[in-house]
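The values are calculated or read from the model by the stated rules, or taken from the named source; none is laboratory data. Just so you know, these numbers come straight off a predicted model, no measurement behind them. A quick note on method: Cβ atoms are made from the backbone with ideal geometry, for glycine too, and the neighbour counts reach across all protein chains shown.
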């Protein structure tokens, strides 16, 4: 985690609160150093910007890490529905692949 980059992202988010990139980028910034903080920012992204598709995959991955399989599946299903609505084929395939993997392992 780069504290200068975190400070910059927070400042930019304060200046542009309607841009979903900033809370998502903060989540990505914390993904290696503080999973709980990353989860917070991804949840915040989903809550404030439910149409921001990238958050769903990250939320599912973090839920899997915490062995919250049902929660991960729910995030993936929500993401799949959104990806279909947005016609985002690449993301749709990634979400479906992860869901299939989880269901196969269950």
| Criterion: without any contact (Cβ under 8 Å) to a residue 60 or more places away in the chain, touching a helix residue (DSSP H, G or I) at 6+ places or on another chain (Cβ under 8 Å) and surrounded by fewer than 21 Cβ atoms within 10 Å (Cβ to Cβ) - qualifying residue of 48, 59 | 48
| said: Against the condition surrounded by fewer than 19 Cβ atoms within 10 Å (Cβ to Cβ), in contact (Cβ under 8 Å) with a residue 24 or more places away in the chain and over 19 Å from residue 9 (Cβ atoms), how does residue 99 come out, does it pass? | reply: yes
| remark: Selection from segment 12-53 of residues over 18 Å from residue 65 (Cβ atoms) and assigned to a loop (DSSP other than H, G, I, E, B) yields 16, 17, 18, 19, 20, 49, 50, 51, 52, 53
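Within segment 84-93, which residues are more than 13 Å from the chain's Cα centre (by Cα), in a helix (DSSP H, G or I) and either surrounded by 15 or more Cβ atoms within 10 Å (Cβ to Cβ) or at pLDDT below 95 (or both)? If you could, list the steps in order and put the result at the bottom.
Our first condition is that a residue be more than 13 Å from the chain's Cα centre (by Cα); within segment 84-93, this holds for 84-90, 92-93.
Checking the rest, the ones that are also in a helix (DSSP H, G or I) come to 84-86, 89-90, 92-93.
Of everything in segment 84-93, just one residue is more than 13 Å from the chain's Cα centre (by Cα), in a helix (DSSP H, G or I) and either surrounded by 15 or more Cβ atoms within 10 Å (Cβ to Cβ) or at pLDDT below 95 (or both), namely 92.
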